[in-house]
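J.: Sharing a structure here in structure tokens format.
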Amino acid sequence: MAALNYQAKSTDMADILSSEGVEFLLSSEGEQVPLSSCHGKKICLYFSAYWCRPCKAFTPKLVQLYNSLKNGGKELEIIFISFDRDNTKFEEHFKCMPWLAVPFHLDVHRRLSEKFKVDRIPSLINPLLSSDDNGVSIEEDLIGLIEDYGAEAFPFTRERREELKAIDKAKLHGGKLELLLSHEQRNYLISRDGTQTQVQNLVGKTIGLYFGAHWSPPCRSFTSKLKETYDAVCSSSSSSSSSSFEFEIVFVSTDRDLNEFELNLELMPWLAIPYHDRKARQDLCRIFDVKEIPALVLIGPDGRPVPADGKTVISLYGARAFPFTESRIGEVEAALRKEGEALPGRVKDRKHEHELKLDMARGYVCDCCKGGGRFWAFSCDVCDYDLHPTCVEMDNPTS
């Protein structure tokens, strides 16, 4: 998206367009619209092109936002300025847009793009705002703002952006699980059998927000590890009278469709944000800055995020690290170091021809007992061979 430095001092979009040779605008029906139609409206300029893939992806989102705001009585107008190479492509691109457009003219479009220093598309700007106005500066990216917040971003001012950021911050650090995971239209989560669980029932538990998708092989692999940890913690909780051992996971889907979501949820014994609540899922991805999947965000019983990276903690330590606090992870690491110090660094096992070296392993299968292992293993540097420390039959251990 473009970084824009133009500081427009005129308060009339008609004057700006007219000064660059624009005589009238076009409606989506092909009618000529006078420049004076811009008076009194919030105007955004949309620079786009038919040949641009990101433009094709963003334009439908902008159409949805535009129609939603117009139906809500907002005085918004968008003016399309084409980066297309000929009139045919311009018309093909414009026919999917419900707003206005500057008639196709290569020289005019070039001058407008240079005037507003647009060097990437798609780009959506409000050129009447300057850095001195009580609003968003035109250096900021309206497309990013809209992709993050949708219609809530209107009227696209700095004040509104800061309000939205403050709401996100309150959800992130406010310690209110209901505020984070529910809203006025939905106060429940769902399980794979369709059962609804009230969000308020999770208050006081350690929560893992699991961001993943069925189409992702790394997610499917991590789901198995997470399920192992979840089952172990829940089994421990059921035998304990302390509520501090209560644990729940909430799946936040990034699946491509409902069918993928349902296939994913079938593998999960925990709860999920309903797939139809797309906004809630997108909000959680934004609030926790989730850039890649799988991701696991841990939330303590106080409703606030735990500093530890959930995916790493689960992969390294599993249920042993519950409740995943810094102090508990420190205890686990200290105990593991002590275990390692009590084991020899190298051994010669009677069952294997090569010397074996002590290694820290996230997970492995013992070649002797065929059971799963975690943490310490005796491994071969020459071939793929691993042993539980308890399965080693030593002749003469080496240091």
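J.: Restricting attention to the stretch 20-45, report how many residues are at pLDDT 85 or above, closer than 23 Å to LEU65 by Cβ and of a type in the set (D, E, K, R).
T.: Within the stretch 20-45, residues that are at pLDDT 85 or above, closer than 23 Å to LEU65 by Cβ and of a type in the set (D, E, K, R) number 1.
J.: Oh, and also: Quick check on LYS61: is it part of a helix (DSSP H, G or I), free of Cβ contacts under 8 Å to residues at least 12 places away in the same chain and surrounded by 13 or more Cβ atoms within 10 Å (Cβ to Cβ)?
T.: no
J.: Same structure, new question: Is at least one residue of the stretch 320-336 open to solvent by less than 20 Å² (accessible area, probe 1.4 Å), within 30 Å of GLU147 (Cα to Cα) and either touching an Asp or Glu at 6+ places or on another chain (Cβ under 6 Å) or assigned to a helix (DSSP H, G or I) (or both)?
T.: Scanning the stretch 320-336, I find no residue that is open to solvent by less than 20 Å² (accessible area, probe 1.4 Å), within 30 Å of GLU147 (Cα to Cα) and either touching an Asp or Glu at 6+ places or on another chain (Cβ under 6 Å) or assigned to a helix (DSSP H, G or I) (or both), so the answer is no.
J.: Continuing with this model, one more query. Going residue by residue through the stretch 360-376, is there one that turns out to be at pLDDT 90 or above, in contact with a Pro (Cβ under 9 Å, 6 or more places away or on another chain) and aromatic (Phe, Trp, Tyr)?
T.: no
J.: Can LEU129 be described as crowded, with 20+ Cβ neighbours inside 10 Å and either modelled with pLDDT under 85 or not hydroxyl-bearing (Ser, Thr, Tyr) (or both)?
T.: yes
The rows are residues; the columns are (1) free of Cβ contacts under 8 Å to residues at least 24 places away in the same chain; (2) touching a Cys at 6+ places or on another chain (Cβ under 6 Å); (3) over 18 Å from PHE251 (Cβ atoms).
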{"position": "ILE287", "(1), (2), (3)": "no, no, no"}
{"position": "ILE293", "(1), (2), (3)": "no, yes, no"}
{"position": "LEU298", "(1), (2), (3)": "no, no, no"}
{"position": "PRO301", "(1), (2), (3)": "no, no, yes"}
{"position": "GLY318", "(1), (2), (3)": "no, no, yes"}
{"position": "GLU331", "(1), (2), (3)": "yes, no, yes"}
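J.: Just to verify a result, which residue in the stretch 12-44, among those that are outside any helix (DSSP H, G or I), in contact (Cβ under 8 Å) with a residue 12 or more places away in the chain and small (Gly, Ala, Ser), is least open to solvent (accessible area, probe 1.4 Å)?
T.: Looking at residues that are outside any helix (DSSP H, G or I), in contact (Cβ under 8 Å) with a residue 12 or more places away in the chain and small (Gly, Ala, Ser), I get SER27.
J.: Going through the stretch 203-224 one residue at a time, which ones are under 20 Å from GLY174 (Cβ atoms) and in contact with a Pro (Cβ under 7 Å, 6 or more places away or on another chain)?
T.: GLY204, LYS205, THR206
Here is a yes/no grid of residues against (1) open to solvent by 20 Å² or more (accessible area, probe 1.4 Å); (2) farther than 25 Å from GLN64 by Cβ; (3) without any contact (Cβ under 8 Å) to a residue 24 or more places away in the chain:
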residue	(1), (2), (3)
GLU152	yes, no, yes
ILE167	yes, no, yes
GLU178	yes, yes, no
ASN187	yes, yes, yes
THR195	yes, yes, yes
TYR210	no, yes, no
SER216	no, yes, no
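J.: Of the numbered conditions (1) within 29 Å of PRO218 (Cα to Cα); (2) aliphatic (A, V, I, L, M); (3) over 26 Å from the mean Cα position of the chain (by Cα), VAL347 fails exactly one; give the number of that condition.
T.: The number of the failed condition is (1).
J.: Given (1) among the β-branched types (Val, Ile, Thr); (2) closer than 19 Å to ALA151 by Cα; (3) touching a residue at least 40 places away in the same chain (Cβ under 8 Å), identify the lone condition not met by VAL108.
T.: Exception for VAL108: condition (2).
J.: For the stretch 171-230, how many residues meet the condition of being among the aliphatic types (A, V, I, L, M) and more than 21 Å from LEU263 (Cα to Cα)?
T.: So the answer is 9.
J.: Does ARG160 satisfy the condition of being open to solvent by 50 Å² or more (accessible area, probe 1.4 Å) and outside any helix (DSSP H, G or I)?
T.: So ARG160 does not fit the description; no.
J.: Check the stretch 95-104 and report whether any residue there is outside any loop (DSSP other than H, G, I, E, B) and either within 37 Å of the chain's Cα centre (by Cα) or modelled with pLDDT under 90 (or both).
T.: Yes, the stretch 95-104 contains a residue that is outside any loop (DSSP other than H, G, I, E, B) and either within 37 Å of the chain's Cα centre (by Cα) or modelled with pLDDT under 90 (or both).
J.: A follow-up question, please. Within the stretch 355-392, count every residue that is aliphatic (A, V, I, L, M), assigned to a strand (DSSP E or B) and either closer than 14 Å to LEU336 by Cα or open to solvent by 60 Å² or more (accessible area, probe 1.4 Å) (or both).
T.: Total satisfying the criteria: 5.
The values are calculated or read from the model by the stated rules, or taken from the named source; none is laboratory data. In this text, all values refer to a predicted model and were calculated from it rather than measured experimentally. So basically every Cβ, Gly included, is an ideal-geometry build from the backbone, and we count neighbours across all protein chains shown. Note: accessible area is taken over every heavy atom of the protein model, side chains too, but ligands, DNA and RNA are not part of it. Shrake-Rupley method; radii C 1.70, N 1.55, O 1.52, S 1.80 Å.
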